[in-house]
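Colleague: Shown below is the structure under consideration.
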Amino acid sequence: MSKDKHVGDDLLLAYGAGTLDEATSLLVATHLALCPACRADLVLAEAIGGALIDSAEADLLPDATAPDAVFGDEAGSRGSAVAHAPPAPSGSFVLPQPLRAYAGGDAGELRWRAVGGGIRQFPLTTQGEGAVARLLSIPAGKAVPDHGHRGFEATMVLAGAFFDRGAWYRRGDVAIADASVVHRPVAGPEEDCICLAVTDARLQFLSPIPRLLQPFHGI
Amino acid sequence: MRGPDRLAGELDEMSARLLEVAERGDPAAFAALYRHFGPRVRAYLLRAGGDIGRVDDILQETFSAVWRKAGQYDSRRASAATWIFAIARNRRIDAFRRDRRPEFDPEDPAFRPGPPPAGEEALATRERAEAVRAALAALSEEQREVLRLSFFEGESYAAIAVRLGIPLGTAKSRARLAFDRLRAELGAQREGLR
């Protein structure tokens, strides 16, 4: 993966700061599950938070309460919370956590909805304003119709591959398009492409035919 | 009590205290952590939170979690300040926001593991904390302000753009430039992972 197939530093920083909306956080967390390099950068981002907490200005500091009053009864419970997790199911999943939990199962178990052109979608429920997340399944060799954006769109490949603006994207890779981009991603020829798409504004299709795909965008 | 860099080892004083809590459940070490970080975390919660009346409850939850989860602290990965920041951030989101912040699960069979925590070639936690401080100090005031608003006040880029009267893209690019600077300061360990 080259740098431009990752989630990008601004998203990673916002995820580390805890300021990112839930749908976009889901994309970042799922990418992190597949990308050790970005996990290393997340630790670095969190170190900014650590440094800022450590150097909080003295005039903001209230008197500290005695620690006993803070942890009180908790003292006795230390260690008891460490329970052994049940053995993880074996086998390979298309959808890593936390995405699989949001979908309620792996890709083969979902009730996909056809949205035209052979493309299927599965909407994901997230709270908060703005961005929405959905899974897309694009048949091998098929294109997503030309579209532009009023806002931000991030698409992460989970199975298969797609080709967009001169590059192939494979499992774990993220393609980011902003308001300036008009594009027509095409699924690779070998297998259907399953991806996670997060958008923070309506897509704008350039030709009338894809209006059939309006439900595809949930709008 | 600011941790004077007294210890000659790899850890700053507070990270060493956290390890004492982790390894021995040492109440005196926990008290020292609380004296240092309690007021700082409270300042963070007051800045970033939405409900002043609940700040002390969330402070208590944060330090309860520090006590309970200390055994998970890995001093090779993060300083105590960074580890406690992450706990306070998660408590703040749980308490003040309607939406969630999903996280990856290292136990998931689909999780793609990386190399184990590096040995001698990695920066010691203490050196890394110093490098982060140095990198923050070397940033422009504008870049530092974007990081401070993000990490300390919990503002989104959209909110920062409004607050500073700058375009959204400018807020994001200041964050990216600041992070580039930080990564350069830390010797781009990332490159070895690609």
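Colleague: If we scan region A:183-193, do we find a residue that is modelled with pLDDT under 90, under 16 Å from the mean Cα position of the chain (by Cα) and within 22 Å of residue A:35 (Cβ to Cβ)?
Modeller: Looking through region A:183-193, none of the residues is modelled with pLDDT under 90, under 16 Å from the mean Cα position of the chain (by Cα) and within 22 Å of residue A:35 (Cβ to Cβ).
Colleague: Being surrounded by fewer than 23 Cβ atoms within 10 Å (Cβ to Cβ) and charged (D, E, K, R) narrows it down to one of B:89, B:47, B:42, so name that one.
Modeller: Within the list B:89, B:47, B:42, the selection yields B:47.
Colleague: Show me the helices (runs of 4 or more DSSP H) found entirely inside region A:1-103 where at least 2 residues are within 7 Å of chain B (Cβ to nearest Cβ), at pLDDT below 95 and under 19 Å from residue B:91 (Cβ atoms).
Modeller: Output list reads A:36-54, A:67-71.
Colleague: Still on this structure, I have one more. The conditions are (1) surrounded by fewer than 19 Cβ atoms within 10 Å (Cβ to Cβ); (2) farther than 19 Å from residue A:56 by Cβ; (3) more than 7 Å from chain A (Cβ to nearest Cβ), and residue B:70 fails exactly one of them. Which is it?
Modeller: (1)
Colleague: Looking at (1) within 7 Å of another protein chain (Cβ to nearest Cβ); (2) part of a helix (DSSP H, G or I); (3) buried (at least 21 other Cβ atoms within 10 Å of the Cβ), can you tell me which one residue B:102 breaks?
Modeller: Unmet for residue B:102, out of (1) within 7 Å of another protein chain (Cβ to nearest Cβ); (2) part of a helix (DSSP H, G or I); (3) buried (at least 21 other Cβ atoms within 10 Å of the Cβ): (2).
Table: residues versus (1) away from chain B (no Cβ under 14 Å); (2) in contact with a His (Cβ under 7 Å, 6 or more places away or on another chain); (3) part of a strand (DSSP E or B).
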| site | (1), (2), (3) |
| --- | --- |
| A:117 | yes, no, no |
| A:122 | yes, no, yes |
| A:135 | yes, no, yes |
| A:141 | yes, no, no |
| A:158 | no, no, yes |
| A:191 | yes, no, no |
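Colleague: Can you tell me which of (1) surrounded by fewer than 23 Cβ atoms within 10 Å (Cβ to Cβ); (2) modelled with pLDDT of 90 or more; (3) among the small types (Gly, Ala, Ser) is the one residue B:79 doesn't meet?
Modeller: Going through the list (1) surrounded by fewer than 23 Cβ atoms within 10 Å (Cβ to Cβ); (2) modelled with pLDDT of 90 or more; (3) among the small types (Gly, Ala, Ser), residue B:79 breaks only (1).
Colleague: So, in region A:144-165, of the ones that are modelled with pLDDT of 90 or more and of a type in the set (Gly, Ala, Ser), which residue ends up nearest to residue A:12 (Cα to Cα)?
Modeller: Ranking the qualifying residues of region A:144-165, first place goes to A:154.
Colleague: Is it true that some residue in region B:130-145 is closer than 24 Å to residue A:180 by Cα and of a type in the set (Val, Ile, Thr)?
Modeller: No, region B:130-145 contains no residue that is closer than 24 Å to residue A:180 by Cα and of a type in the set (Val, Ile, Thr).
Colleague: Still on this model: For region A:148-163, state whether one or more residues are over 15 Å from residue A:24 (Cα atoms), in contact with a helix residue (DSSP H, G or I) (Cβ under 6 Å, 6 or more places away or on another chain) and surrounded by 15 or more Cβ atoms within 10 Å (Cβ to Cβ).
Modeller: No, the conditions are met nowhere in region A:148-163.
Colleague: I'd like the full set of residues that are more than 7 Å from chain A (Cβ to nearest Cβ) and of a type in the set (A, V, I, L, M), limited to region B:85-99.
Modeller: Hits for region B:85-99 are B:87, B:88, B:95.
Colleague: Select from region B:143-190 the residues that are farther than 15 Å from residue A:10 by Cα and of a type outside the set (A, V, I, L, M, F, W, C) and write down the one among them that is surrounded by the fewest Cβ atoms within 10 Å (Cβ to Cβ).
Modeller: B:165
Colleague: Turning to a different aspect of this structure: Looking only at region B:20-65, how many residues end up being closer than 16 Å to residue B:87 by Cβ and either away from chain A (no Cβ under 11 Å) or of a type in the set (Gly, Ala, Ser) (or both)?
Modeller: Here the count works out to 8.
The values are calculated or read from the model by the stated rules, or taken from the named source; none is laboratory data. Computed from a predicted structure; not experimentally measured. Reconstructed Cβ throughout: ideal geometry from the backbone, glycine too, with neighbour counts over all protein chains shown.
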